[in-house]
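Below is one structure, written out as structure tokens; the observations come after it.
All of the numbers you see were taken from the coordinates with simple rules; none came from a lab. In this text the structure is predicted, and so the values were computed from the model without any measurement. Virtual Cβ from ideal backbone geometry, glycine too; neighbours counted across all protein chains shown.
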Amino acid sequence: MSRYTGPKCKLCRREGMKLFLKGQRCETVKCAIAKRAHPPGEHPWSRKKRSEYGVQLREKQKAKRIYGLFERPFRRLFAEAARTKGNTGVTLIQLLERRLDNVLYLCGYAHSRSHARQLIGHGHVRVNGRRTKSPGFRLRPNDVFQVMGEDLRKKLEAVIEGNKHRDVPSWLQAEPAEVKGTMMSVPKRDEAAIDLQEQLIVEFCSK
């Protein structure tokens, strides 16, 4: 499983917003956006206004970086959304939101989505009683997921406590005491807690 190993704060600065790639650090004054709210690189303010293509590209890159996907998996997901009946952009957001790593993060069981991917990749998470090592595992309504191992669950208590201020989406049911949760329904577009303009992504990927 490939992953991005470069400086994560530069990704947030490039997109001009907090992507919450470093967990609770992003909510403190140490956040790179709070300290240097400009794009990385030399002479960031001298760059010209973005074209329509550039705006669409940045929106697609933002989605990839929020959910931790590379180009090829993202394109496959978009192709699946395009084949599905209904609004392609909304379907794409729903497919991304239903990823197992994203669901663990939303329930507050991980600092970030990358932390959730690590837990899954090490085989600590089970869905409906079966172990899965795929961070992109797509949950369905009534699927039950849980972090296994008493020692690990105790280590995650501090993480869960630190994330108590975050609201769990209505389409998820979390049981922090057992580091367990259930996907109650497919998320609606307005239930996705992300700042994305999916129509720009559809326009870019449809070219």
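Tabulated data for the structure shown
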| quantity | calculated |
| --- | --- |
| Point-charge dipole on Cβ atoms (K/R +1, D/E -1) for segment 74-207, about Cα centre, debye to 20 | 620 |
| D167, D143 arranged by Cβ crowding within 10 Å, fewest neighbours leading | D167, D143 |
| FRET efficiency, R58 to K207 (Cβ-Cβ, R0 25 Å, nearest 0.05) | 0.95 |
| Residues R98, R83, sorted so that the one with the fewest Cβ neighbours within 10 Å comes first | R83, R98 |
| Residue order, fewest to most surrounding Cβ atoms within 10 angstrom, among S114, S170 | S170, S114 |
| Relative contact order (percent, whole number), segment 59-207, Cα cutoff 8 Å, 6+ residue spacing | 27 |
| Segment V159-E175, length gained on full extension (0.36 nm per residue, minus Cα span) | 4.4 nm |
| D190-F70 pseudo-label distance in nm [points 7 Å out on the Cα-to-Cβ vector] | 3.9 |
| Residue-by-residue Karplus 3J(HN,Hα) for segment 143-149, coefficients 6.51, -1.76, 1.60, Hz, glycine and proline x | 5, 10, 10, 7, 7, 9, x |
| Calculated FRET value between R131 and S51, using beta carbons and R₀ = 30 Å, to 0.05 | 0.05 |
| Greater than 29 Å apart at Cα, pairs in K62/K207; K62/K188; K62/K133; K49/K85; K60/K85 | K49/K85 |
